[in-house]
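J.: Pasting a structure here, questions to come.
The values are calculated or read from the model by the stated rules, or taken from the named source; none is laboratory data. Predicted, not measured: the structure shown is a model, and the values here were computed from it. Neighbour counts are summed over all protein chains in view; Cβ atoms, including those assigned to glycine, are modelled from backbone coordinates with ideal geometry. Side chains included, ligands, DNA and RNA excluded: accessible areas come from the protein's heavy atoms. Shrake-Rupley method; radii C 1.70, N 1.55, O 1.52, S 1.80 Å.
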Amino acid sequence: MTLIRHIFLSALLLVSFLYLQAQPSPGYYNNAVGKKQKELKTALHVIINPHTAIEYYSSSTSFRTTDWHPDGYFWDMYSNSKVKTWPGNNPRLNREHNMPKSWFGIASGEESSEPIGTDLHNLYPSESNANSAKSNYALGVVGASPTFNNGVVKVGKSAYPGYSGTVFEPANEYKGDFARCYMYMVTCYEDYATRWTSTGVTSMLSNNAYPVFKPYAINLLMEWHRNDPVSSKEINRNNAVDNIQRNRNPFIDFPVLAEYIWGEYQDENWDGTNRELGNFYVHYNNESQKLFVNVPDPLDAAFIIYNTSGFKLLEGKPDSEGSIDVSDLPKGLYVAVVYAKGKRHAEKFLHGESYN
């Protein structure tokens, strides 16, 4: 066997290992297979709710693993701050509950002693001014004249149909992150359903286990979930949180689950996969040095390309013909992950050379 073939096989094994690391352990979601709607959501609750509760104030230490940007600072989805020390100074970072802690129906101060208040899937570093402005408002789309706008997040009157109150709007690149976080929270803690309380609940949540989100909230979250597919940031964070508290966000592992619970597949039982779109596939052409994505509407798809170390190198959308130009990449083995309508397809491809 030639040296180059040894290298190729070694790289292939490494990619397979990385993908195993980026996925739940075998059988983790088995008890949710074959279910839909309420039963599916409850089955996921039973799977992900038991976990190791961390100490609230240690979350900032965990952020060094879960939210550390590759360029060497805390990854803040609430501002453009690049703080390297906790809690920092000018700006200062806070621990922020993406879903506001005042919604949990627990007494003030108890968030540090109940698992729902210390769950790292819902705790993120946030610049303090943005944290204060967010308050306990519902998620939404802010209309004209926001009361707070730091160039990343906004607070102001809702311009999204179905709710006219004050809302908090994250940046487009993180809207899917927030949507999947909220889906996780109402699933992991569906036993809190009768306790949801406070301002944002009047727009987003009902006091029931299913569908729990009100019609406006379902439309909003599903729109954000579909338009902002799972990123490498989310995958890496999901793995890091799992290593700490031993549970996962299923809507990151299997984005299509949201469709079976609240979306277009509610009348079908989940089959345990991310349900590819018909003949959805990705093909690499070595001569043109392009990837070709076969989906009904390529402009609605999105892609991320990783190297064998798991680092994201390219992301974007295919052109109208479904092609992705990868000619600028060095020769080597890569993984292309393509998302379309909540489905995901991963394809390994060897770029730049023919290995016969």
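J.: Just wondering, is there one or more residues in the range 156-163 that are surrounded by fewer than 19 Cβ atoms within 10 Å (Cβ to Cβ), at pLDDT 95 or above and in contact with a Pro (Cβ under 9 Å, 6 or more places away or on another chain)? I'd like the intermediate steps shown before the answer.
T.: Our first condition is that a residue be surrounded by fewer than 19 Cβ atoms within 10 Å (Cβ to Cβ); within the range 156-163, this holds for 157, 159, 161-162.
Then drop every residue that is not at pLDDT 95 or above, which leaves 157, 159, 161-162.
Next cut, in contact with a Pro (Cβ under 9 Å, 6 or more places away or on another chain) only: 157, 162.
For the range 156-163, residues surrounded by fewer than 19 Cβ atoms within 10 Å (Cβ to Cβ), at pLDDT 95 or above and in contact with a Pro (Cβ under 9 Å, 6 or more places away or on another chain): present.
J.: Still on this structure: Go through the range 296-342 residue by residue and tally those that are touching a strand residue (DSSP E or B) at 6+ places or on another chain (Cβ under 7 Å), in a loop (DSSP other than H, G, I, E, B) and closer than 19 Å to residue 254 by Cα. Don't jump to the end; show me each part of the working.
T.: So in the range 296-342, the residues touching a strand residue (DSSP E or B) at 6+ places or on another chain (Cβ under 7 Å) come out as 300-308, 312-318, 322-326, 329, 331-339.
Cutting the leftovers down to in a loop (DSSP other than H, G, I, E, B) gives us 301, 307-308, 317-318, 322, 326, 329, 331.
Filter once more, so that each one left must be closer than 19 Å to residue 254 by Cα: 301.
Number of matching residues: 1.
J.: Can you work out which of the residues in the range 337-356 that are under 17 Å from the mean Cα position of the chain (by Cα) and not basic (Lys, Arg) is modelled with the lowest pLDDT?
T.: Our first condition is that a residue be under 17 Å from the mean Cα position of the chain (by Cα); within the range 337-356, this holds for 337-346.
The next check asks that each one be not basic (Lys, Arg); those that pass are 337-340, 342, 345-346.
On the way: 337: 83, 338: 85, 339: 82, 340: 78, 342: 64, 345: 75, 346: 75.
Only one residue fits best here, namely 342.
J.: Quick check on the range 250-292: of everything there that is part of a strand (DSSP E or B) and modelled with pLDDT under 85, which residue is farthest from residue 25 (Cα to Cα)?
T.: Initially, the range 250-292 is screened for residues part of a strand (DSSP E or B), giving 281-285, 290-292.
Next, from what is left, pick out any that are modelled with pLDDT under 85: 281-285.
Working: 281: 25, 282: 26, 283: 28, 284: 29, 285: 33 Å.
Across the range 250-292, the extreme among qualifying residues is 285.
J.: Now for a different question. Which condition does residue 87 not pass, out of (1) touching a Pro at 6+ places or on another chain (Cβ under 9 Å); (2) open to solvent by less than 20 Å² (accessible area, probe 1.4 Å), if it passes all the others?
T.: Evaluating residue 87 over (1) touching a Pro at 6+ places or on another chain (Cβ under 9 Å); (2) open to solvent by less than 20 Å² (accessible area, probe 1.4 Å) leaves (2) as the failure.
J.: Also, I was wondering about something else. Residues in the range 321-332 that are modelled with pLDDT under 90 and out of contact with any His (no Cβ under 8 Å at 6 or more places or on another chain): how many?
T.: Narrowing the range 321-332 to residues modelled with pLDDT under 90: 321-322, 331-332.
From the residues that got through so far, the ones that are out of contact with any His (no Cβ under 8 Å at 6 or more places or on another chain) too are 321-322.
The total comes to 2.
J.: When the residues of the range 107-147 are narrowed to those that are without any contact (Cβ under 8 Å) to a residue 60 or more places away in the chain, touching a helix residue (DSSP H, G or I) at 6+ places or on another chain (Cβ under 7 Å) and open to solvent by less than 50 Å² (accessible area, probe 1.4 Å), which ends up nearest to residue 214 (Cα to Cα)?
T.: 111
J.: Could you look through the range 300-320, keep only residues that are at pLDDT 85 or above and open to solvent by 80 Å² or more (accessible area, probe 1.4 Å), and pick out the one that is nearest to residue 259 (Cα to Cα)?
T.: 317
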